[in-house]
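Accompanying notes for the structure given below.
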Amino acid sequence: MPQDNQPTGLENLLHETRTFPPSDAFAAQANAQPELYERAAADHLGFWAEQAKELVTWKTPFTQTLDWSDAPVARWFADGTLNAAYNAVDRHVVEGRGDRVALQFEGEPGDTRTVTYAELQREVSRAANVLSSLGVAKGDRVVIYLPMLVESVVAMLACARIGAPHSVVFGGFSADALRSRIADAEAKVVITSDGGYRRGSASALKPAVDEAIAPREGAPASSIEHVLVVRRTGQDVAWTPGRDIWWHEALEAADVQHTPVWVDAEHPLFILYTSGTTGKPKGILHTTGGYLTQAAYTHKYVFDLKADTDVYWCTADIGWVTGHTYVVYGPLVNGATQVIYEGTPDSPHQGRWWEIVEKYKVSILYTAPTAIRTCMKWGDEIPGKYDLTSLRVLGSVGEPINPEAWMWYRRVIGGDKAPIVDTWWQTETGAIMISPLPGVTATKPGSAQTPLPGIIADVVDDDANPVPDGGGGYLVLTQPWPAMLRGIWGDLERFKDTYWSRFKGIYFAGDGAKKDEDGDIWLLGRVDDVMNVSGHRLSTTEIESALVSHEMVAEAAVVGAADELTGQSVVAFVILRSSFAKDADPEAVQALLRNHVAKEIGPIAKPRRILVVSELPKTRSGKIMRRLLRDVAENRVVGDASTLADSSVMALISSGLAAPA
Ligand code: 6R9
């Protein structure tokens with residue numbers, strides 16, 4: 001691999017030879033059949049039109065499947081009209097499924113709430129009426145900053161119902177991160193809560209919103225006109241009369257009838273900010289018709305969903321794309337019954353997840369490798385205490401899953417029989433792109449394997465030539481797909497530049513990959529300056545900017561070091577300003593700067609280690625050679641440093657670190 005930033009340590013994956021063919025019993029009942037691949041290959045657009053008609057309800061049917069004339073901005077099903085909330089909720093009621101449980105909420109303290117599709121319809125309608133009464137109209141943006149609650153799902157669907165794109169900001173992000181996202185989206189309303197339960201105590205959310213929209217010298221006034229506040233914990237909150245409104249009071253007063261606003265298929269459904277290779281997060285834009293089609297299609301086939309018998313649980317937070325597509329839109333459009341859980345896997349004990357699986361007889365579980373590895377570390381005896389025999393399909397997403405964790409997931413959680421689907425996709429792709437199909441694919445531990453029917457992906461070399469089986473290179477998507485991003489909010493140039501310029505006319509995902517001898521795809525991690533910590537994307541540049549924004553820091557370089565539990569962990573190298581460098585206590589500096597990053601971005605971005613150095617390794621063109629820093633961070637012998645402007649720098653860094661800190 002030619003890239004300086006290519007992650008290391010995953011090559012051993014490719015020696016994996018075990019495969020697990022589907023059982024005859026599973027294959028016989030599976031939604032997916034081998035012919036699905038053939039149908040899609042024979043008529044790419046016809047296949048997607050079929051999915052769109054079968055899985056989505058249209059107000060006005062579309063006549064055109066794809067308009068690619070303005071590439072790379074695609075238009076799918078463009079002359080059709082529909083409403084996402086109608087598809088996720090109302091049509092199940094209209095078609096007689098109103099009494100089916102949509103959401104089975106489990107709060108961290110153990111409180112529960114069961115919501116049927118009919119109840120969800122009333123709640124969403126009320127919330128839609130409330131938003132309209134606050135002046136939110138079609139096209140206006142609403143920011144949602146909430147923990148995992150029923151209200152979070154209701155809030156997203158209420159926005160969709162009135163054609164107001166939502167932008168969910170993960171509740172773990174800081175006030176500053178929230179402020180910049182509100183400003184970029186120019187949102188009118190924020191929906192938040194007093195707080196949420198996290199590891200046994202009530203943690204506040206509302207103060208971050210107050211801080212994010214407070215006037216700040218030199219900055220324009222916030223675009224936010226109202227703050228809707230869900231009462232979850234009952235903790236005290238500061239209140240700005242006229243601006244702040246209790247969610248429960250407003251909803252109680254609102255009408256339960258609401259007519260959905262029918263929108264064009266290409267109407268924006270949501271903006272979701274994600275880290276890129278520069279300091280400024282990208283507002284990934286998704287529209288309605290194509291996104292819903294692929295969300296429903298993938299959810300049906302990849303998880304083999306049988307909506308009237310399965311109990312589905314995706315452990316993702318709505319703050320991430322997985323929570324959008326596989327908690328809200330995919331499962332609800334398909335009429336699934338699902339569990340949502342507010343808290344952490346270890347509250348109040350390390351068996352909490354498995355207790356939930358047993359209690360609700362969860363049959364499909366979708367989670368992340370970092371969680372699987374954590375549970376693996378806690379030991380087999382913890383899940384062993386619970387009845388997990390209801391589980392019949394297991395999913396993984398967010399980062400490469402190492403074969404060891406995959407085997408553990410299969411054996412201990414899946415009872416050695418539930419197929420595992422390792423699903424590769426991104427915020428930008430909107431829905432799953434590469435994954436085995438349960439009942440069809442013989443699975444391989446550690447490989448996402450095959451593009452789904454209707455998806456064309458490849459691994460190419462530096463010159464965009466497909467690599468032969470056994471070769472490695474970059475993962476690309478060579479044909480448009482329905483759920484693809486339609487741009488970066490307010491920055492078309494950045495969209496073209498980020499995804500479509502590395503290889504002419506094809507989408508570059510930013511991931512390195514290999515094809516094995518069978519042609520199966522193995523993901524090797526990011527090839528750019530994006531880290532993956534516990535399945536969350538973090539930008540090295542964004543954390544570097546946060547560090548440098550502290551008065552003590554002159555320069556900073558951040559790398560992702562391989563980590564057994566979290567995939568990667570953040571390691572920062574900083575050069576202190578000389579006025580601070582003299583008598584700085586490394587321990588104190590580390591603590592101070594870690595907290596500073598938590599404040600600037602959020603606790604998930606906190607560097608695991610911060611090393612104070614006197615120089616950083618740079619190429620002659622001034623590019624920091626992160627590869628060398630990664631060697632240091634991972635305690636390896638430092639690699640080839642011959643392209644450094646000053647080749648003695650690495651010796652200096654290594655010797656400085658060897659000295660007792
Ligand atoms: C859905 C989601 C996207 C990045 C992606 C890749 C990594 C996701 C993966 C995977 C290997 C998988 N990634 N799934 N790598 N195997 N099954 O995670 O979206 O947060 O945007 O991250 O995550 O590096 O490019 P997002």
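Throughout, read-outs are computed from the coordinates displayed, never taken from laboratory work. The structure presented is a predicted model; accordingly, all values stated were derived computationally and were not measured. Every residue, glycine as well, gets a Cβ built from its backbone with ideal geometry; the counts of neighbours run over all protein chains shown.
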Completion exercise
Rounded to the nearest 5, the percent of DSSP beta bridges in region 339-480 running antiparallel is 45 percent
Problem - Part-to-part distance (alpha-carbon centres) for region 148-215 and region 327-347, which is given in Å - result: 19 Å
Fill in the blank from the handout: Length-normalised contact order of region 534-656, Cα under 8 Å, at least 6 apart, in percent, tallies to 23 percent
Handout entry: Percent RCO, i.e. relative contact order, over region 482-577, from Cα pairs under 8 Å lying at least 6 residues apart
Key = 17 percent
Exercise for the section: Under 12 Å from the Cβ of N129, count the other residues' Cβ atoms, weight Lys and Arg +1, Asp and Glu -1, and hand me the total. Expected result: 0
Handout entry: Inter-part distance where region 399-447 and region 539-576 are each reduced to a Cα centre, Å
Key = 31 Å
Fill in the blank from the handout: Within the chain, the percent of DSSP beta bridges that are antiparallel, given to the nearest 5, stands at 60 percent
Completion exercise
Per the rule of 0.36 nm per residue minus the C-alpha distance, extending S501 to A202 adds in nm 103.0 nm
Practice task
Compute the distance in nm between two label points, each set 7 Å from the Cα along the Cα-to-Cβ direction, one at A588 and one at D346.
Solution key: 3.1 nm
Completion exercise
Computed D for region 324-376, Stokes-Einstein, Kirkwood radius over alpha-carbon pairs, 25 °C, 0.890 mPa s, to the nearest µm² per second, is 199 µm²/s
Exercise for the section: Could you check the simple spin-label distance between N595 and R636, using points 7 Å along Cα→Cβ, in nm with one decimal? Expected result: 3.5 nm
Exercise for the section: Once every Cα of the chain carries one equal point scatterer and solvent is ignored, give the base-10 log of I(q)/I(0) from the Debye formula at q = 0.08, 0.10 Å⁻¹, two decimals. Expected result: -0.58, -0.94
Problem - Farthest toward positive dipole pole in the chain [+1 Lys/Arg, -1 Asp/Glu at C-beta], among L492, A71, G163 - result: G163
Problem - Low-density loop positions, GluC sites (Glu not before Pro), region 206-298 - DSSP coil, at most 16 other Cβ in 10 Å - result: E217, E225
Problem - Cβ crowding within 10 Å averaged over residues, with 510-518, 420-428, 324-332 ranked highest first - result: 324-332, 420-428, 510-518
Problem - Computed E for N465/H248 - FRET, C-beta separation, R0 56 angstrom, nearest 0.05 - result: 0.40
Practice task
Determine the shape class of region 534-656: with a ≥ b ≥ c the square roots of the Cα gyration tensor eigenvalues, call it rounded for a/c under 1.5, and otherwise prolate if a/b is greater than b/c, oblate otherwise.
Solution key: oblate
Practice task
Determine the relative contact order of the chain: mean sequence separation of Cα pairs under 8 Å and six or more apart, normalised by residue count, in whole percent.
Solution key: 14 percent
Completion exercise
Plugging the Cβ-Cβ distance of Q64 and A442 into 1/(1 + (r/R0)^6) at R0 = 45 Å yields, to the nearest 0.05, a FRET efficiency of 0.75
Problem - Quotient of C-alpha Rg and 2.2 N^0.38 Å, computed over region 245-390 - result: 1.25
Completion exercise
Of the listed pairs K282/K606; K300/K361; K53/K280; K206/K282; K300/K504, those with alpha carbons more than 31 Å apart are K53/K280; K300/K504
Exercise for the section: Could you check how many percent of all C-alpha pairs in region 502-541 are farther apart than 12 Å? Expected result: 67 percent
Practice task
Work out the P(r) tail for region 370-457: percent of alpha carbon pairs separated by more than 14 Å, whole number.
Solution key: 64 percent
Completion exercise
Given the candidates L269, P453, T337, the one whose Cα lies deepest towards the positive end of the charge dipole of region 24-513, counting +1 at each Lys or Arg C-beta and -1 at each Asp or Glu C-beta, is T337
Exercise for the section: Just grab the label-to-label distance for E211 and V94, each label 7 Å out from Cα along the Cβ direction, in nm (one decimal). Expected result: 4.5 nm
